[in-house]
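A.B. asks: Pasting in a structure now, in structure tokens, and then I'll have a few things to ask.
Values quoted throughout were computed directly from the atomic coordinates according to the rules given, and no laboratory measurement underlies them. Only a predicted model underlies this, so the values are computations on that prediction, with no experimental measurement involved. All Cβ positions, glycine included, derive from the backbone under ideal geometry; neighbour counts span all protein chains shown.
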Amino acid sequence: MRTNESFRPGLEDVVVAETRLSLVDGEGGRLVVRGHAIESLAERSFEEMCGLLWDGALPGPARSEEIRSGLAAGRAAAFRELARTSAVLGSSDAMESLRAGLAAMRTEDEPLERTGYRLAGAIAVLLAAWHRRRLGGAPVAPDAKRGHADDLLRMLGGAPAPAALVRGLDTYLVTVAEHGMNASTFTARVVASTRSDAISALVAALGSLKGPLHGGAPGPVLDMLDAIGREENAAAWLAGELAAGRRIMGLGHRVYRVRDPRAHVLELALAELERAGVASRYLSLARAVERAAIEALDAHRPDRKLRTNVEFYTAVLLDVLGVPRALFTPVFAAARAAGWLAHVAEERAVDRLIRPRQRYLGPLPEPEDAGGALRAAG
Ligand code: COA
């Protein structure tokens with residue numbers, strides 16, 4: 001009997017795919033997406049990022065416009081579908097509503113890119129409609145003339161958002177659209193490897209993203225900043241959390257041993273917004289808490305470099321963009337959908353069922369009494 005002797009809990013450092021999509025360099029603190037350092041993509045739009053991920057190269061103006069109008073059509077289709085699926089918005093948990101809304105989508109015989117537009121459109125429409133309903137109002141219809149980030153903010157807020165906020169959301173969506181073999185991307189690839197459809201792959205990925213160790217962290221980051229309240233409380237609050245055996249949200253990463261490069265990009269976007277007159281109520285506190293948390297974690301785990309991850313400044317940025325904290329993870333999904341789709345396409349090209357093995361630790365049946373069985377047979 002073959003056994004797998006090389007089991008690593010959490011599949012840490014196990015290579016499960018070959019990809020042309022992104023490089024996550026944990027020691028060097030680098031994220032490269034299709035040959036571009038993430039810092040160099042920060043000024044791009046979500047549409048351009050979709051083009052980069054799906055086509056392999058940054059799109060020119062005509063292709064960008066094609067993607068923009070594809071996403072707009074996806075939002076329009078999702079808004080029409082709301083008449084059929086609006087019951088899914090009833091959950092008090094936005095991720096639950098989003099999961100139900102995507103699951104209700106119909107699988108069509110269509111090119112993968114069109115499914116991508118429908119999925120990205122549905123995520124934007126569903127999360128905004130969930131919010132409007134919580135406020136007691138009707139969902140805001142999408143506007144086909146707008147870019148995806150622009151329209152998402154408009155459908156959320158009920159009025160066109162200032163250009164600086166649209167720029168901020170585009171930077172966020174671009175920054176988190178793709179990030180190697182994270183748990184939700186792996187989930188999407190496992191589903192795609194069975195030749196299942198892309199909607200099923202994304203529903204499964206969404207369930208994976210929801211967990212607090214993955215995409216569920218930014219809401220709790222803001223809760224932490226609220227609980228700390230003032231810079232001078234940070235050290236004592238953090239020490240209390242660590243002493244109680246709890247994790248500090250927005251810090252630590254499976255791959256990065258240095259500061260997550262995306263934290264830097266998002267912090268710069270916050271500084272840019274501040275220059276444009278949109279100051280965050282959390283930014284200076286967040287910077288102080290980050291310093292105190294690193295000091296506390298260095299003392300707590302001197303053997304392990306636990307540094308700021310993307311979720312820390314995600315929380316601060318999404319808050320200043322007017323996104324309520326209940327929607328932080330759904331907005332993350334809005335971005336990551338582009339990356340998930342690209343991985344589904346890659347996995348389809350590989351076309352090899354992902355089916356690893358396990359090491360059995362349970363008991364075996366008693367050896368059969370062969371003599372007795374033969375006697376009974378006569
Ligand atoms: N606060 C306190 N302790 C932490 C920590 C944190 N943020 N992150 C890791 N640790 C501890 C772990 O508990 C572990 O302790 P143990 O050996 O006693 O079990 C040790 O440090 C080593 O953890 P590591 O192997 O580096 O992390 P991981 O790969 O298992 O987990 C995360 C990575 C992201 C899940 C983890 O750092 C975490 O839970 N962070 C907080 C949640 C978060 O911000 N998630 C968003 C990720 S982008």
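A.B. asks: Can you tell me which of 148-156, 230-238 comes out highest on packing, and rank the rest after it, using the mean Cβ neighbours within 10 Å?
C.D. replies: Working: 148-156: 25.1, 230-238: 15.6.
Result, highest mean first: 148-156, 230-238.
A.B. asks: Hey, another quick one. Normalised radius of gyration for the stretch 1-114, please: alpha carbon Rg relative to 2.2 N^0.38 Å, two decimal places.
C.D. replies: On the way: Rg = 19.6 Å, N = 114, 2.2 N^0.38 = 13.3 Å.
Dividing the Cα radius of gyration by 2.2 N^0.38 Å gives 1.47.
A.B. asks: Note the per residue figure in Å³ for the convex hull of the C-alpha positions in the stretch 95-205.
C.D. replies: On the way: hull volume 13.0 nm³, N = 111.
Given the Cα convex hull of the stretch 95-205, per-residue volume reads 117 Å³.
A.B. asks: Now a separate question. Give me the tail of P(r) for the stretch 30-79 as a percent: Cα-Cα pairs with distance above 11 Å. Please list the in-between numbers first.
C.D. replies: Numbers: 832 of 1225 pairs.
Here the tail beyond 11 Å accounts for 68 percent of pairs.
A.B. asks: So if I average 1/r over every pair of distinct C-alpha atoms in the stretch 152-219 and take the inverse, what Kirkwood radius in Å does that give?
C.D. replies: Numbers: mean 1/r = 0.0721 Å⁻¹.
The answer is 13.9 Å.
A.B. asks: Hey, another quick one. Charges at C-beta only: +1 for Lys and Arg, -1 for Asp and Glu. How large is the resulting dipole of the stretch 221-326 about its Cα centre, in Debye rounded to 20? Before the final figure, lay out the partial values.
C.D. replies: On the way: 16 positive and 15 negative charges, 79 e Å.
That gives a dipole near 380 debye.
A.B. asks: Can you list residues from other chains, or at least 5 along the same chain, whose modelled amide H is less than 5 Å from the amide H of Arg30?
C.D. replies: Those qualifying (amide H under 5 Å, at least 5 residues apart or on another chain) are Asp25.
A.B. asks: Follow-up. Placing unit charges on C-beta atoms (Lys and Arg positive, Asp and Glu negative, everything else neutral), compute the dipole magnitude of the stretch 272-378 about its Cα centre in debye, rounded to 20.
C.D. replies: On the way: 16 positive and 14 negative charges, 32 e Å.
That gives the stretch 272-378 a dipole magnitude of about 160 debye.
A.B. asks: Given charges of +1 on the Cβ of Lys and Arg and -1 on the Cβ of Asp and Glu, with all other atoms neutral, how large is the dipole of the stretch 137-249 about its Cα centre, in debye to the nearest 20? Provide the component values of the computation, followed by the final result.
C.D. replies: Details: 10 positive and 11 negative charges, 67 e Å.
For the stretch 137-249, the charge dipole is close to 320 debye.
A.B. asks: I've got another one for you. With the Cα gyration tensor of the stretch 221-378 in hand, give its eigenvalues times 5 under a square root as the equivalent ellipsoid semi-axes, listed largest first in whole angstrom.
C.D. replies: On the way: eigenvalues 466, 122, 39 Å².
Listed largest to smallest, the semi-axes of the stretch 221-378 are 48, 25, 14 Å.
A.B. asks: Shifting gears a bit: Per the Debye formula with a single identical scatterer at each Cα and no solvent contribution, what log10 I(q)/I(0) holds for the stretch 98-143 at q = 0.26, 0.31 Å⁻¹?
C.D. replies: The computed values of log10 I(q)/I(0) come out as -0.96, -1.13.
A.B. asks: Next up: I need the peptides 109-118, 37-46 ranked by packing, meaning the mean over residues of other C-beta atoms within 10 angstrom, with the highest value on top.
C.D. replies: Numbers: 109-118: 16.7, 37-46: 19.0.
By packing density, highest mean first, the sequence is 37-46, 109-118.
A.B. asks: Taking Cα pairs under 8 Å and at least six residues apart, what relative contact order does the chain come out at, in percent? Walk me through the numbers before you get to the answer.
C.D. replies: Numbers: 554 pairs, mean separation 88.6, N = 378.
Normalised by residue count, the contact order of the chain is 23 percent.
A.B. asks: Applying a 10 Å radius around every beta-carbon, put 282-289, 299-306, 360-367 in order of their mean neighbour count, most first.
C.D. replies: On the way: 282-289: 19.4, 299-306: 12.1, 360-367: 6.0.
Ranked by mean Cβ neighbours within 10 Å, highest first: 282-289, 299-306, 360-367.
A.B. asks: Each residue of the stretch 352-364 in turn: what ³J(HN,Hα) in whole Hz from Karplus with 6.51, -1.76, 1.60 and θ = phi - 60°, glycine and Pro shown as x?
C.D. replies: Listing the rounded values in order: 9, 3, 7, 8, x, 10, 10, 9, 7, 10, x, x, 9 Hz.
A.B. asks: Once phi is turned into ³J(HN,Hα) by the Karplus curve 6.51 cos²θ - 1.76 cosθ + 1.60 with θ = phi - 60°, what whole-Hz value does each residue of the stretch 168-175 show in order, with x for glycine and proline?
C.D. replies: Result, ordered by residue: x, 5, 4, 4, 4, 4, 5, 5 Hz.
A.B. asks: Let me ask another. Need one number: the % of Cα-Cα pairs in the stretch 112-270 sitting beyond the 29 Å mark. Mind dumping the intermediate values first?
C.D. replies: Details: 4050 of 12561 pairs.
Taking all Cα-Cα pairs of the stretch 112-270, the fraction more than 29 Å apart is 32 percent.
A.B. asks: Which value at 222 nm does the chain reach when only helices count, each DSSP H run of 4 or more adding -39,500 (n - 2.57), with the total divided by all residues and rounded to the nearest 500 deg cm²/dmol?
C.D. replies: Calculated mean residue ellipticity at 222 nm is -18000 deg cm²/dmol.
A.B. asks: Please list, short to long, the whole-number percent of alpha-carbon pairs of the chain in consecutive 20 angstrom bins beginning at zero.
C.D. replies: 27, 54, 14, 4, 0
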